[in-house]
Amino acid sequence: MIFNEVYGCYYNAVSKIIENAIDGELTDRKLNDLSKQYAFEESNLTIVPSIKNQQWQLIDENMKTPILNKPRMPLTMIEKRWLKTISNDSKFKLFNENTEKMDNIEPLYNPDDIVYFDRYTDGDDFENPVYIEEFRNIVYAIENQLMVKVKYKTRKNAIRKRKYCPIKIEYSDKDDKFRVICGQNEYISTLNIDRIVELEVLDEHFNSSEKICKKEKNQLILEIIDERNALERVMMKFACYKKQVERVDDEKYLMTMDYNEEDETDILIQIMNFGSLVNIKSPSELKSEMKNRLKKQIEMLNW
């Protein structure tokens with residue numbers, strides 16, 4: 001069904017034409033433009049005459065249509081199976097719990113079919129009702145730029161209470177944890193959501209464009225040797241960071257990436273996973289830290 005003609009460009013072009021007719025915005029010129037934009041250049045020779053001559057009884061001579069509802073493409077079975085697969089992920093309930101319509105759909109694969117060899121096993125409990133409620137409250141606070149009062153357990157198990165301006169939520173694939181990036185005065189704080197004991201959304205607005213969001217980021221420059229798809233793998237691993245890539249020669253690339261200081265250790269570990277295919281050009285401090293880690297590993301192995 002995924003290759004059915006209903007999903008082809010001709011049906012897509014005609015559906016856009018019908019949408020414009022329903023909105024009362026269709027003209028002769030727009031009819032031609034939509035045909036060219038959503039189909040092929042030569043499609044005007046088929047689509048436009050068929051509509052104007054009312055061979056396809058969709059649009060009348062006044063550019064009106066008897067169709068009341070805008071066309072919507074039905075989901076293919078492969079799309080339904082993909083949605084079912086996504087809904088089986090434990091993180092899905094954080095965003096949506098309405099999966100009843102997919103009860104009879106077979107997923108493409110199950111979560112247990114994937115074995116993670118480079119992920120910590122103490123990830124967040126995404127199906128915990130308290131966790132779900134706190135996650136959604138944070139999302140609501142971010143969307144509405146509302147401050148939150150947080151009771152938080154630190155790594156040393158100390159409890160602290162503070163007000164924060166939640167800016168965004170990040171997910172760590174390696175830790176299997178969500179964390180919320182918050183502003184506090186002019187400082188940036190990172191809170192692991194699973195360490196939040198209590199959270200209250202306050203009726204106090206903040207401006208996300210204030211200085212709390214403009215904290216200067218560190219810059220990392222990596223030299224990538226593109227063997228074994230190293231460039232693609234690096235781009236995917238650091239997909240959440242702002243970066244630029246410059247080609248040096250047929251095999252080497254330079255990637256410049258901005259990151260927050262609190263992410264430095266995790267980034268360093270990720271870089272080391274690529275071995276000799278990725279080298280740190282700057283900052284020198286991070287390069288030195290990598291050398292120290294490698295020396296310790298060699299000493300432990302008695303090489």
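Determine the alpha carbon to alpha carbon distance for each of Lys174/Lys295; Lys80/Lys101; Lys168/Lys281; Lys242/Lys281 and list only those over 19 Å.
Over 19 Å Cα-Cα: Lys174/Lys295; Lys168/Lys281.
How much length, in nm to one decimal, is gained on full extension between Glu261 and Tyr241, taken as 0.36 nm per residue of separation minus their Cα-Cα distance?
Additional length available on full extension: 5.9 nm.
Rounded to the nearest 500 deg cm²/dmol, what is the calculated helix-only ellipticity per residue at 222 nm for the chain, with -39500 (n - 2.57) per DSSP H run of length n ≥ 4?
Helix-only estimate at 222 nm: -9500 deg cm²/dmol.
According to the square roots a ≥ b ≥ c of the eigenvalues of the Cα gyration tensor, what is the shape class of the range 1-74, taking rounded for a/c under 1.5, prolate for a/b larger than b/c otherwise, and oblate for the remainder?
oblate
Cross-link partners among aspartates and glutamates for Lys52, C-alpha distance below 17 Å, same-chain residues fewer than 8 apart left out?
List returned: Glu19, Glu25, Asp28, Asp33, Glu42, Asp60, Glu61.
Picking from Leu26, Leu68, Tyr11, whose Cα lies most toward the positive end of the charge dipole for the range 1-74 (charges on Cβ: Lys, Arg +1; Asp, Glu -1)?
Selected residue: Leu68.
If R₀ is 45 angstrom, what is the calculated FRET efficiency for the pair Leu254 and Gln54, using the beta carbon separation as r and rounding to 0.05?
Between Leu254 and Gln54 the formula returns 0.15.
I'd like the GluC sites (Glu not before Pro) in the range 218-303 restricted to DSSP loop residues with at most 13 other Cβ atoms within 10 Å, sorted by number.
Of the GluC sites (Glu not before Pro), the ones in loops of the range 218-303 whose Cβ has at most 13 other Cβ atoms within 10 Å are Glu227, Glu251.
Label points 7 Å out from Cα along the Cβ direction at Lys153 and Glu41: separation in nm?
About 6.6 nm separates the two model spin labels.
Please state the shape class of the range 129-213: rounded when a/c is under 1.5, otherwise prolate if a/b exceeds b/c and oblate if not, all from the C-alpha gyration tensor.
In terms of gyration-tensor shape, rounded.
Can you give me the C-alpha center-to-center distance between the range 101-121 and the range 126-157, rounded to a whole angstrom?
26
Just need the relative contact order of the range 51-132 here, percent rounded to a whole number, with Cα pairs under 8 Å and 6+ apart.
Result for the range 51-132 is 25 percent.
Expressed as a rounded percentage, what relative contact order does the range 121-210 have, with Cα pairs under 8 Å and six or more residues apart?
Once divided by the residue count of the range 121-210, the mean separation gives 33 percent.
Roughly how many debye, to the nearest 20, is the charge dipole of the chain about its Cα centre, given +1 on each Lys and Arg Cβ, -1 on each Asp and Glu Cβ, and no other charges?
860
May I ask which residue of Gln145, His205, Ile193 lies farthest towards the positive end of the charge dipole of the range 129-213, with charges of +1 (Lys, Arg) and -1 (Asp, Glu) on Cβ and the Cα centre as origin?
Comparing the listed Cα positions along the dipole, Ile193 ranks first.
Percent relative contact order of the range 218-301, based on C-alpha pairs within less than 8 angstrom and at least six residues apart?
It rounds to 38 percent for the range 218-301.
Along the charge dipole of the chain, Cβ charges K/R +1 and D/E -1, which of Gln57, Ile280, Pro111 sits furthest on the positive end?
Checked the options; the winner is Ile280.
All of the numbers you see were taken from the coordinates with simple rules; none came from a lab. Source: prediction; values computed, not measured. Using ideal geometry, Cβ is built from the backbone for each residue, glycine included, and neighbour counts are taken over all protein chains shown.
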